[in-house]
Every structure is written in C-alpha cells, then in structure tokens.
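Shown next, in structure tokens, is the structure this report addresses.
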Amino acid sequence: MPALAKLLKQKTGPLTAELLLRPNDFGLGKLPRNLETDGTASSVCGFCSTGCQLNLHLHQGEAVGLTPSTDYPVNLGMACPKGWEALAVLDSPDRATAPLLKEFANEPAKEISWDLAAKIFSDKFKKVQATYGKDSVAFISTGQIPTEEMAFLGSFAKFGMGIKHGDGNTRQCMATSVVAYKQAFGFDAPPYTYGDFEQSDVVILMGSNLAIAHPILYQRLARNKRNPDIVVIDPRATETAQIATQHLAIKSKGDLPLLYALAHCIIREDRVDHDFLREHTDGFDDFADFVKNYSPEATQEKSGIAPAQVEALAKLISDPTKRVSMWWTMGVNQSHEGVRTAQAIINLCLMTGNIGKPGTGPNSITGQCNAMGSRLFSNTTSLLGGHDFANPSHREKVSRILEIPEENIPREPSWAYDQIIDGIESGKIKGLWVIATNPAHSWINQSKFHKVRKKLDFLVVQDMYHSTETAQTADLLLPAASWGEKGGTFINSERRIGTLKQVRHAPGQALSDFRILQLLANAWGCGEMFEKWSSPHAAFELLQQLSEGQPCDITGIQGYQHLDEQGGIQWPLPTFNVQRSTPNIEASPLERSTLDVRRSTFKSERRLFEDHKFYTPNGRAKFLFDPPAPLPEPTCEAYPFTLLTGRGTSAQWHTQSRTNKSAVLRKLYPAELLLDLHPEDADRHGIADRDQISISSRRGTITAHAHLTTNVSPGEVFLPMHEGSTNLLTFPAFDPHSRQPSYKACAVKVLKTP
Ligand SMILES: Nc1nc2c(c(=O)[nH]1)N[C@H]1C(S)=C(S)[C@@H](COP(=O)(O)OP(=O)(O)OC[C@H]3O[C@@H](n4cnc5c(=O)[nH]c(N)nc54)[C@H](O)[C@@H]3O)O[C@H]1N2
Ligand SMILES: Nc1nc2c(c(=O)[nH]1)N[C@H]1C(S)=C(S)[C@@H](COP(=O)(O)OP(=O)(O)OC[C@H]3O[C@@H](n4cnc5c(=O)[nH]c(N)nc54)[C@H](O)[C@@H]3O)O[C@H]1N2
Ligand code: SF4
Ligand SMILES: [Mo]
C-alpha cells in the first residue's frame, strides 16, 4: 500500500473504506447515499457573496445541469450568468489534474505523486525556515474556499507550521469594512439582511455597481414596492445608475468630503436623532465640531457635487419619516482613506438613527462567495472566530477547544498582504504558499509582484487550474478540487451560512483543499494535532465551539441539515439553553440583541442591533473621523487622466481563470480590452471609437481599444480588472488603517497608437 493511502487509512477513521473506493478524491465529500443516483442537491453558488442557492440536477450521481432554487430566501428563483454556468467552468483542459513540480526554470514542470508533493512541500519550507527563521515562510489565502477549509488552512499554517504571516485576497477587497465596523461597533458586523433592499424608502449606493457585481441584489432592489429614492454615487453612470432616481457623478475619491458635507448640513439644520445619539453613541459632539468646516461650498471642489444637490440629499437622508439604507462596496473600500469613508457612512446612519430597523443600516456588501467566512475564520488578522491574537484568554480558549498547545498560537496578527510582498522584497520572506487566489494578475502594481517572485526560494500554488498567471510561476502546483467537487459552508454578505455539496468528481488526482491540508499536515509531522479535523462537518463543529460567546455565535446550528432545512442561517444563532463553557457572557450585547431568536420561532431574515446595543465594551457605537488626505497620485500634465478600475460585466469573474472557460460566458463580454473614454477627451486626442490606444502610468504601458462613452466624465477613464495587464498601471497606495489597496485611482495618459 503506498504511503499516502496508509497515512489516510490511519488518520481518517471511518472514511478509510470510502477513501480506497474513490481514489480520485479519497472519499472526502462523498455524495449522500440518496444522491448516488438521480435527483437534485442544493448548493450555494461559488462566485459572488450574494450567496444564491442552485439546485444541481444529478444523473448517476454527477451533476448534469442546474436551476436556481425558488425557495431560498436569497435568490428566490433567480441566478446571474455565472451561476447558470457554474458547472461548465469545471470541465476544462486547463484543470490541474496532478501535482506539478518545476525543478529547473528552463524545463517544463513534471507530474509527481501526491506523496512526493507533500514531502517536497514539507522539506522545502522546513529548509527555508531552518535557514532564514520560522517567519520566513508566509501564505496568501482567499475568500473563495469553504469556511471549514479556510479555518483548517489558517490553523495548520499558524499552529502546525509555525508561520506567523498569512493574509488573504480579502485584503484587496474587504479589509476596509472589517476595520470600519470593528472600530465603530466593536466587531466586524455587517448589520443588514437582504430584505432591507426591499424595505427602504431611500437607498444610497456608494461605489457599488450592483447591477454588474451583485445582479441578484439588484433584482431584490428592483422588487422594492415602496417607490424608493435610489441614489447612486459613482464617478461613472454605471448600469446600476439606470435604476437610480438620482446619479451623483462624484469625482474620483471625493466621497469623504461629500459625506462630511452631508453631516454638516444635517447638523446645521438640527435634523439629528438626539435621543439615539445620547443613549447609544460616543463622540458625536467632537464630530459635530469637526464637520463645521465641511460645508457643501467648501467641499464642492473635491467632490464635484453642487451644494444644492448636497443640501437636498442631506434632507432626504435625515427625513425622520423615511427608512434610509446606505450600501457600499469597492468604490469606498479600495481607497487611500477607505476606513474613514466607510465610517463617515456609519456616522450618517448613527446621526439619523438609521440602524437596527427594517430598511436601514450602514451596509457593506461583501465580494467573494466566502469573504465573510474568511473575515471570521481565516486565522489571519484575527484569531479564529473573531478573536484576538493578543488576548491571553482568547488564546487559551482556542487552545482548549482545538487541543493544541497554547504556545503554538502567535501573540500578534499577521503582516498584511503588502507587508508580506515587501517582506519578500527585503529578503525576510523566502517561501510563499498561495491558495485559491491569483496575485500575479490581481495584486496592485503588478510588476512588483513579478519582481519579488524572483526573490523567493520556493513558491507553492494551490489552484484548480494550472494555467493561471500565478500557477505558471509556481515551483510546486497542488491541484485542487473546486466548488461542486467538495462540501462545506459559505457565509454570504448578509451573514447567512449555507451549504455546498459535492456533485461532481474532481478531475484526475485533484483533491479538495481540505484533503490537501490533511496530507500536508501529515507530511509536516503534525497530523495528530489536526486529528479532530477529520471531515468538513467535524471542522464545522469546531468552528461552532470557537464562536461561542462571540457576536458571531453559531452554537445553535444543528448541523448541515439544519442549514438546508432553514434556507441557510444568519449569524448569530447561539444556544441559550445550553450550559456555557465560556464564563461572563450572561449579559453580553450579543445576548440582548438576539433575544428574538430565543423568544420567537426561527426567523429567516434577521438584522443586528435591533436593541441598539453594540459590541463595544460600553455597548455604544463610536463616531470616528479624520480630515480627508491628499490624493496619492493626482493627475498632472504628463498623466492627465484618472484611471478607474472595477468589474466589467456580470459574466466575468476577477482574473477570469474560471469564467473564460465557459463558451456561453465568453459571448457575454467584449472580446477585446476596451478603455471607456469620454468623447470630448477622445476628440482632443484625435481618438475615434475602437481605435487602438496605449495607456501609460508611471509604472507601465498597456494597449487597448477606445470605447467612447459619456458614462465616464471628462478626465476619467475606466478599465475592467479582468484583463491581466490592468494592474501593471495601478499605483500602490493603501488605506493606513486597513492596508487595503486603492485600486481605483491612479494617473495615466492615453495615446492613439500609430
Ligand atoms: N460579475 C462580477 N461580479 C462580482 C465580481 C466580479 O469579478 N465579477 N467580484 C466580486 C467581488 S470580490 C467584489 S469585491 C465585488 C465588487 O463590487 P463593486 O464594488 O460593486 O464593483 P467595482 O466595479 O469594483 O466597483 C464599484 C464602482 O466603484 C466605482 N468607483 C470608482 N472609484 C470610486 C470613487 O472614488 N468613489 C465612488 N463612490 N465610486 C467609485 C466604479 O466606477 C465602480 O462602478 O463584486 C463581486 N461580484
Ligand atoms: N485593478 C483592480 N484590481 C483588483 C480589483 C479591482 O477592482 N481593480 N479588485 C480586487 C478584489 S476586490 C479582489 S476580491 C481580487 C480578486 O483577485 P483573485 O483572488 O486573485 O482572483 P480570482 O480570479 O478570483 O482568483 C481565485 C483563484 O482561485 C482558484 N480557485 C477557485 N476555486 C478554488 C478552490 O476551491 N480551491 C483552490 N485551491 N483554488 C480555487 C481560481 O482558479 C483562481 O485562480 O482582485 C483585486 N484586484
Ligand atoms: S449573483 Fe452571485 S451568487 Fe448569485 S448566481 Fe450570480 S454569481 Fe452566483
Ligand atoms: Mo473582492
């Protein structure tokens, strides 16, 4: 018996028989018995954070088609093109089907066995650690694998391998919201439920192109029967602006001045909710003093919004008869001052008492299918379950539940993504493990990534395809099973936990990330430390225990089946009738804010802060603010345009590793790279529609075709992020609090190519 099979036999208990039966996935995520033949299985979609549920139609145990679930409270029978094509992207010659080792730079990678791959992983990284110190190996993970895998990854890397530095692609995406909520509310807690889209009278969408990025949420908004005012605040007249009653074409990064001007007007007219402020918040008086200087007139130059429009919007937001919700995504988060901008949105909701009630809230919409799982359980910035690495009682709790030595838990959080990249540049990091993300395409100021890659002694990439930009530069590629080929749970934007199922066999020797982690832990010599992680469901139970007493307490969930029966379950769902092992949580804000769960029967949609108790030590929300900072790279004579970047179409996903595998999706987006350019600017530069052009920043030059449109303002241009070259141009500026990259504003010039 090969060593691998022997190891699996020893380590996986009851799964062993199935392991041997199913050599291609070693039995993990084996189909439930009743699905072995024909029937349907439900699974939350593996693309965006909306978290639609899909029904997979099975023939002889393999999914052959799908339709959106009609009774799931998220999508109500709808799906976007990516969801419809979710199965198609699994079948591709680009799938990684065996571990690949590249020993010599000028030779092609060769297939090796899993046993050898796991041994090489362990030997090489241990050698790096022995030579340069334990912290010289780092990992970069993702918001796109199930929570169980994510938590296992973070636990193995930090507690098993002794790695201190590991971050995720969620840094590119959600770090700003995390920090904004944590500082203001005491915990990273998006308060809303999707029903709020339908229950608002005023919906403000700031830096969010819902129609493209979250099409089903756009549909939910379109179902709002309250005849809502919909205000889209975006430099571009986006697809989403079509549903707007008002589009404010804000200047790039003019959001913070605009939000302060709105607060200024509301305070000046004394339209604030005094009772709410007195009883539930701290810091309002200082904030009121601060915004005195930010009149609509004083901020107009930076925001580009006329004072009369600001005054009118301030009136709308502070109308006490209206339910107002404010939603934001990457136009806010990806900014050199994203955290304070998100908090300026939170401040407006607090001032007007628009929180904890139907149709209200400062609501950050998350991006990837499991970004929310990563926010709670990736073990990167916070210790598993929203705990603190620096807090001894938190470390004690985690060590007790996972039965790992407390000294294996680092006492401080990881370096952020950009610090890891800088660490490679300075020679402090020599080994890197990249899981389910494609930084060679998606990281800001891309040429730096390619430059520092050369300084690594060993790069391991764990991906479902061998063809991604990052996989192609790997020394060792570990082939992963993808969505549809494994089980577990995702957490969506409204905190709803839903299940995914294995409905396909992974190709070749590809293994679920969960199984890969078991192999690697065994090869590393710490397999016993992770014996409790015997299956995704066993891992889920560990996560439940870790969540106990936290705002995200999910101890009340009774297994995957419970999640399926309820149409997913939003956190928190604590068990109040069970004797707790964690002391001192009797009167926690969580307990008070979720009384409804205890008293009433289960509600399928729940929002946070209904009793206005926040997770800060004194239960009050905080006003936080700073003066707006100067633009990191303003335009100038040589580089006169501001480059905006973002999602191009609803058929394209990020670095396109998945979506370009579907013939249907490929027909739904432009075949060539298009730069959106205002006709007046085009005229000035002698550029006609579809002309070939070059776009240059101080960091590089790329080519594209011009797309003349008045959807962008003069002086601003737009490129989709899906093209591999876009990030050659972007400027590496970061929010100082969240260290999230500011992908959406750098200075470029545009020329017609001869
Ligand atoms: N089809 C599709 N859907 C996706 C994804 C995908 O790749 N494809 N990715 C998912 C992920 S991970 C994420 S994070 C979300 C992102 O979802 P969104 O954030 O909605 O998408 P983006 O296009 O990145 O950015 C939104 C808008 O911000 C605007 N913007 C740029 N600069 C500014 C500014 O300074 N101020 C304001 N107010 N707006 C600005 C842009 O013009 C853009 O329209 O989408 C998710 N959904
Ligand atoms: N210019 C610009 N750049 C941006 C942005 C922008 O707006 N503008 N947006 C940023 C944002 S918000 C985000 S979220 C990032 C996204 O950037 P990335 O995370 O780099 O993009 P993806 O293409 O989603 O990469 C996911 C990878 O995981 C692989 N994969 C999928 N499923 C699995 C699995 O189950 N297991 C394993 N092991 N691998 C799997 C896929 O093949 C793919 O290679 O891009 C950021 N970059
Ligand atoms: S909206 Fe998002 S979750 Fe729903 S089908 Fe489309 S990609 Fe999947
Ligand atoms: Mo994202």
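The values are calculated or read from the model by the stated rules, or taken from the named source; none is laboratory data. These numbers come from a predicted model, not from an experiment. Cβ coordinates were reconstructed from backbone atoms using ideal geometry, including for glycine residues, and neighbour counts include every protein chain displayed. Surface accessibility is based on the protein's heavy atoms, side chains included, excluding ligands, DNA and RNA. Shrake-Rupley method; radii C 1.70, N 1.55, O 1.52, S 1.80 Å.
List of remarks:
- PHE718 outside any strand (DSSP E or B) and away from ligand 4 (no atom under 16 Å from the Cβ): no
- Residue among ASP229, ASP270 that is free of Cβ contacts under 8 Å to residues at least 24 places away in the same chain and out of contact with any Gly (no Cβ under 9 Å at 6 or more places or on another chain): ASP270
- Unique residue being hydrophobic (A, V, I, L, M, F, W, C) and in contact (Cβ under 8 Å) with a residue 12 or more places away in the chain when the list is ALA671, ALA682: ALA682
- Apart from one condition, ASP123 fits all of (1) of a type in the set (D, E, K, R); (2) in contact (Cβ under 8 Å) with a residue 12 or more places away in the chain; (3) open to solvent by less than 90 Å² (accessible area, probe 1.4 Å); the exception is (2).
- Residue tally, condition in a loop (DSSP other than H, G, I, E, B), within 15 Å of ligand 3 (Cβ to nearest atom) and not hydroxyl-bearing (Ser, Thr, Tyr), over segment 41-73: 6
Conditions (1) farther than 21 Å from ARG453 by Cβ; (2) in contact with a His (Cβ under 6 Å, 6 or more places away or on another chain); (3) within 16 Å of ligand 1 (Cβ to nearest atom); (4) in the same structural domain as SER650 (by TED's automatic domain parsing), marked per residue:
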residue: MET78; (1), (2), (3), (4): yes, no, yes, no
residue: GLU103; (1), (2), (3), (4): no, no, no, no
residue: ALA130; (1), (2), (3), (4): yes, no, no, no
residue: PRO146; (1), (2), (3), (4): yes, no, no, no
residue: PHE159; (1), (2), (3), (4): yes, no, no, no
residue: GLY162; (1), (2), (3), (4): yes, no, no, no
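- Scanning segment 155-174 for residues that are near ligand 2 (Cβ under 9 Å from one of its atoms), of a type in the set (A, V, I, L, M, F, W, C) and open to solvent by less than 10 Å² (accessible area, probe 1.4 Å) yields a single hit, MET174.
- Scope segment 643-671; condition touching a strand residue (DSSP E or B) at 6+ places or on another chain (Cβ under 9 Å), closer than 27 Å to LYS253 by Cβ and open to solvent by less than 30 Å² (accessible area, probe 1.4 Å); matching residues: LEU643, LEU644, THR645, GLY646, GLY648, THR649, GLN652, TRP653
- Pairs, first away from ligand 3 (no atom under 16 Å from the Cβ) and modelled with pLDDT under 95 in segment 135-149, second open to solvent by 10 Å² or more (accessible area, probe 1.4 Å) and part of a strand (DSSP E or B), C-beta under 7 Å, six or more apart: none
- At least 3 residues being closer than 23 Å to VAL179 by Cβ, more than 16 Å from ligand 3 (Cβ to nearest atom) and of a type outside the set (Ser, Thr, Tyr) is the threshold, and among the helices (runs of 4 or more DSSP H) wholly inside segment 290-400 those reaching it are 330-333, 338-351, 371-377.
- Within segment 683-699, not a single residue is more than 16 Å from ligand 4 (Cβ to nearest atom), in a helix (DSSP H, G or I) and touching a strand residue (DSSP E or B) at 6+ places or on another chain (Cβ under 8 Å).
- Scanning segment 135-175 for residues that are more than 16 Å from ligand 4 (Cβ to nearest atom), of a type outside the set (Val, Ile, Thr) and part of a strand (DSSP E or B) returns ALA138, PHE139, GLY166.
- Condition met for GLU723 (acidic (Asp, Glu), assigned by TED's automatic domain parsing to the domain that holds ARG684 and open to solvent by 30 Å² or more (accessible area, probe 1.4 Å)): yes
- Out of ASP463, ASP422, ASP457, one residue alone is free of Cβ contacts under 8 Å to residues at least 24 places away in the same chain and open to solvent by 10 Å² or more (accessible area, probe 1.4 Å). It is ASP422.
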